[in-house]
Number of protein chains: 2
Amino acid sequence: MRTLKVDLGDRSYPIHIGPGLLPEVGRLCREAGFPLQSPLLIVTDSEVGPLYLDRVASSLADEGFRTVVHTIPSGEASKSLENFEAIMTTAITGGLDRSSAVLALGGGVVGDLAGFVAASYMRGIAFVQLPTTVLAHDSSVGGKVAINHPLAKNMIGAFHQPKMVVYDLDALKTLPKRQILSGLAEVVKQGLMIDPEFVTWLEEHAEGLVALRPDLIGEALEHSCAIKVGVVTQDEREFGIRAILNLGHTLGHAIEAVGGYGTFLHGEAISIGMAGSALLAVKLGRDRAIYTDTIRVLKAFGLPTVLPDRYSEDELIEAMMHDKKFKQGKVTFILPESIGSVSIVEGIEESAVREVIGQLKKGDSPW
Amino acid sequence: MRTLKVDLGDRSYPIHIGPGLLPEVGRLCREAGFPLQSPLLIVTDSEVGPLYLDRVASSLADEGFRTVVHTIPSGEASKSLENFEAIMTTAITGGLDRSSAVLALGGGVVGDLAGFVAASYMRGIAFVQLPTTVLAHDSSVGGKVAINHPLAKNMIGAFHQPKMVVYDLDALKTLPKRQILSGLAEVVKQGLMIDPEFVTWLEEHAEGLVALRPDLIGEALEHSCAIKVGVVTQDEREFGIRAILNLGHTLGHAIEAVGGYGTFLHGEAISIGMAGSALLAVKLGRDRAIYTDTIRVLKAFGLPTVLPDRYSEDELIEAMMHDKKFKQGKVTFILPESIGSVSIVEGIEESAVREVIGQLKKGDSPW
């Protein structure tokens with residue numbers, strides 16, 4: 001087990017990464033100081049629960065904790081106000097008090113939803129992330145929690161740092177391949193954003209990473225978490241630099257919203273979004289190699305880089321206008337300056353974005 | 001206009017109190033630095049809107065602000081997840097961005113609900129309180145925002161400090177008398193909690209306060225706000241001393257939940273709750289004068305001190321178990337030590353609470 005420390009003053013917390021950690025959750029919760037008198041709520045989903053819930057629940061029971069469980073259907077559609085209310089009901093009837101904690105056992109959907117419950121129940125109780133996917137290495141770090149509004153993704157939420165992240169790499173073994181690739185898209189994003197050497201390393205080891213070779217995937221995820229920790233500790237509430245984490249996300253979120261949550265997985269959507277950001281960068285005069293290099297890396301991981309024809313420009317633009325990065329009538333993009341370096345570009349004209357969307361459907365750059 | 005400063009580091013804010021302030025809201029929002037490009041959302045209710053919305057909206061328009069309005073039905077039942085979602089929809093379709101603000105024009109219900117919207121929209125945007133009731137002098141200070149779960153009041157919420165409170169005392173003139181009395185219950189509570197001289201002053205001037213004599217009501221509300229500010233700045237997130245603000249609220253919230261939100265107004269419920277706390281204090285061996293003095297002050301304001309027979313002990317106890325002050329199987333009460341002084345008493349046995357509920361229906365203390 002390796003431990004990264006997220007240093008945020010009185011909201012600091014550890015990220016434990018390694019194999020075989022879910023059976024240690026009870027011990028780690030004891031050591032973190034959670035009182036045995038206050039019940040713990042485990043939130044999980046219909047795919048992860050059958051695989052790993054017993055492991056976590058019995059580990060907690062062995063230490064003397066009482067637990068309450070709430071299982072949601074797997075998938076992005078579960079990040080709804082309906083499920084939020086249902087989990088609140090479970091928390092209340094289960095007797096959770098201010099010293100209780102919510103444990104999110106699953107991927108990003110479970111983490112985001114359970115995290116917003118933890119942020120809001122009795123105005124905020126403790127929260128523990130138990131990510132079980134590659135993608136969730138990203139969402140479980142940094143304290144952003146949210147649910148979706150029918151009109152826009154992650155529109156209702158909070159900043160609520162976990163007390164602890166326990167990332168059992170064994171849980172990744174049962175992931176469908178498409179989920180693994182989607183998760184690796186966020187790993188690639190961390191590299192494209194800030195770390196050119198990491199991008200080179202990732203491209204070289206793409207095959208082994210997709211196959212979840214233990215040495216490689218552990219190193220990639222730890223490094224990816226560390227990159228995110230570095231950004232988040234500089235700017236916890238996204239007043240500035242933290243926005244670079246949204247590379248590929250402005251368009252990616254719009255693709256998810258327009259396609260219907262779940263049509264493209266999150267990582268697939270941001271992969272196309274990163275291709276779009278590279279196109280936009282080139283259109284605005286940056287080096288064409290930015291686009292070709294970005295595409296090459298994404299394709300090494302079997303990730304999509306072309307936008308299907310059926311996505312309407314109007315609908316994508318409309319969805320972007322509802323995005324949190326849309327402000328005072330213009331849209332902000334995170335654009336690559338080179339591989340492993342980005343800048344925040346505000347006030348991009350709608351016409352440029354429309355042109356890039358058109359080009360993204362052809363899968364090539366004329367610029 | 002007088003201005004109290006709430007000193008909470010980078011979350012500090014002013015409370016402006018005085019007559020004629022609603023037409024100044026536009027100017028005050030400009031001076032507070034809100035950008036004209038970002039629309040403002042005014043949340044109000046069906047009783048307050050027709051009286052004061054024009055005043056606020058035109059004052060904002062005069063300064064060049066764009067506004068979006070959402071009106072909810074008046075009453076505690078509006079603090080629901082349904083209204084929360086509906087306001088979110090208005091905010092999204094109205095184009096609110098991260099630099100926008102939510103203005104709560106109304107009483108505590110509007111403030112709590114709009115405040116939780118502000119706390120959660122895009123993970124938190126600016127919030128301005130425009131209280132129009134006596135009661136809201138209390139809820140508009142301190143940053144506690146929340147909505148109700150069908151099983152328990154204020155169960156879903158956040159700590160989200162406003163950027164500014166603008167308290168126009170002219171708005172009180174249209175309040176029904178029962179609302180005035182309910183609001184004065186929180187003023188009396190601040191005194192009973194921490195300030196014996198203030199209690200004496202309040203009792204002496206009860207008649208003039210109920211009649212809203214401008215000099216008296218202004219002084220009372222400013223002093224009551226100042227007491228609350230003093231407590232909140234010591235303990236923003238209620239890890240300790242802030243809990244004393246809950247004098248009368250453990251039982252009061254249960255009375256509201258069991259009776260159905262709106263049967264008793266909040267101030268009426270906590271008036272009975274304060275009578276109950278005094279009874280419990282006497283039962284636990286404190287001076288009997290605590291009870292008789294408390295009752296005398298509450299009655300001077302025409303506030304209820306007897307619990308109607310129809311309230312079942314079982315239901316009240318059940319509701320208290322869902323209260324945030326119920327922790328690890330026992331209940332915490334704020335109990336008077338004397339008039340103007342309280343202590344936090346944890347671990348009170350259910351049997352003692354049951355006995356007090358029975359006695360509270362008789363309206364007397366045998367102890």
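The values are calculated or read from the model by the stated rules, or taken from the named source; none is laboratory data. All figures in this text were calculated on a predicted structure; none of them were measured in a lab. Cβ coordinates were reconstructed from backbone atoms using ideal geometry, including for glycine residues, and neighbour counts include every protein chain displayed.
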Inset, instruction - Please find, within the range B:179-199, the residue that is farthest from B:Ser338 (Cα to Cα) out of those that are more than 15 Å from the chain's Cα centre (by Cα) and either of a type in the set (Val, Ile, Thr) or assigned by TED's automatic domain parsing to the domain that holds B:Asp112 (or both). - result: B:Val199
Inset, instruction - Could you please give the count of residues in the range B:133-163 that are over 15 Å from A:Ala158 (Cβ atoms), surrounded by fewer than 24 Cβ atoms within 10 Å (Cβ to Cβ) and hydrophobic (A, V, I, L, M, F, W, C)? - result: 3
Inset, instruction - Return the residue satisfying two criteria in turn: it lies in the range B:200-214 and is over 19 Å from the mean Cα position of the chain (by Cα) and touching a residue at least 60 places away in the same chain (Cβ under 8 Å), and of such residues it is nearest to B:Leu105 (Cα to Cα). - result: B:Pro214
Inset, instruction - Quick one: B:Phe264 ticks every box in (1) assigned to a helix (DSSP H, G or I); (2) touching a residue at least 24 places away in the same chain (Cβ under 8 Å); (3) within 23 Å of the chain's Cα centre (by Cα) except a single one, so which number is it? - result: (1)
Legend entry - Pairs with Cβ under 8 Å, 6+ apart, first in the range A:88-105 and assigned by TED's automatic domain parsing to the domain that holds A:Val166 and modelled with pLDDT of 95 or more, second part of a helix (DSSP H, G or I) and polar (S, T, N, Q): A:Met88/A:Ser120
Legend entry - When residues of the range B:318-366 are limited to those that are within 14 Å of chain A (Cβ to nearest Cβ) and assigned to a helix (DSSP H, G or I), the one modelled with the lowest pLDDT: B:Met321
Legend entry - Flag for A:Gly285 being surrounded by fewer than 22 Cβ atoms within 10 Å (Cβ to Cβ), away from chain B (no Cβ under 14 Å) and within 28 Å of A:Val110 (Cα to Cα): no
Inset, instruction - Considering each of B:Leu151, B:Leu105, B:Leu96 in turn, give the residue that is within 18 Å of B:Gly20 (Cα to Cα) and of a type outside the set (Lys, Arg). - result: B:Leu105
Inset, instruction - Kindly establish whether B:Pro19 is under 22 Å from B:Glu219 (Cβ atoms) and in contact (Cβ under 8 Å) with a residue 12 or more places away in the chain. - result: yes
Legend entry - Candidates A:Val48, A:Val43 - the one that is outside the structural domain of A:Phe264 (by TED's automatic domain parsing) and within 20 Å of B:Met155 (Cβ to Cβ): A:Val43
Legend entry - So B:Leu280, is it in a loop (DSSP other than H, G, I, E, B) and buried (at least 23 other Cβ atoms within 10 Å of the Cβ): no
Legend entry - Failed condition for B:Trp367, given (1) among the aromatic types (Phe, Trp, Tyr); (2) over 28 Å from B:Gly240 (Cβ atoms); (3) in contact (Cβ under 8 Å) with a residue 60 or more places away in the chain; (4) buried (at least 17 other Cβ atoms within 10 Å of the Cβ): (4)
Legend entry - All positions within the range B:242-261 that are part of a helix (DSSP H, G or I) and of a type in the set (A, V, I, L, M, F, W, C): B:Ala243, B:Ile244, B:Leu245, B:Leu251, B:Ala254, B:Ile255, B:Ala257, B:Val258
Inset, instruction - Out of B:Ile295, B:Ile241, report the one residue that is among the aliphatic types (A, V, I, L, M), surrounded by fewer than 22 Cβ atoms within 10 Å (Cβ to Cβ) and modelled with pLDDT under 95. - result: B:Ile241
Inset, instruction - Evaluate the following for B:Arg310: is it surrounded by fewer than 17 Cβ atoms within 10 Å (Cβ to Cβ) and either under 21 Å from the mean Cα position of the chain (by Cα) or part of a helix (DSSP H, G or I) (or both)? - result: no
Inset, instruction - Hey, can you tell me all the residues within the range A:68-109 that are of a type in the set (A, V, I, L, M, F, W, C) and under 16 Å from A:Met155 (Cα atoms)? - result: A:Ala77, A:Leu81, A:Phe84, A:Val109
Legend entry - the range A:162-178: number of residues that are over 30 Å from A:Ala211 (Cα atoms) and within 14 Å of the chain's Cα centre (by Cα): 0
Inset, instruction - Name every residue in the range A:174-185 that is free of Cβ contacts under 8 Å to residues at least 60 places away in the same chain and surrounded by 13 or more Cβ atoms within 10 Å (Cβ to Cβ), in order of residue number. - result: A:Leu175, A:Ile180
Legend entry - Boolean, A:Leu251 is touching an Asp or Glu at 6+ places or on another chain (Cβ under 9 Å) and in contact (Cβ under 8 Å) with a residue 24 or more places away in the chain: no
Inset, instruction - May I ask you to list the residues in the range A:2-21 that are closer than 25 Å to A:Asp54 by Cβ and either touching a Phe, Trp or Tyr at 6+ places or on another chain (Cβ under 6 Å) or within 14 Å of another protein chain (Cβ to nearest Cβ) (or both)? - result: A:Ile17
Inset, instruction - Report whether or not B:Glu346 is of a type in the set (Asp, Glu), touching a Lys or Arg at 6+ places or on another chain (Cβ under 9 Å) and surrounded by fewer than 21 Cβ atoms within 10 Å (Cβ to Cβ). - result: yes
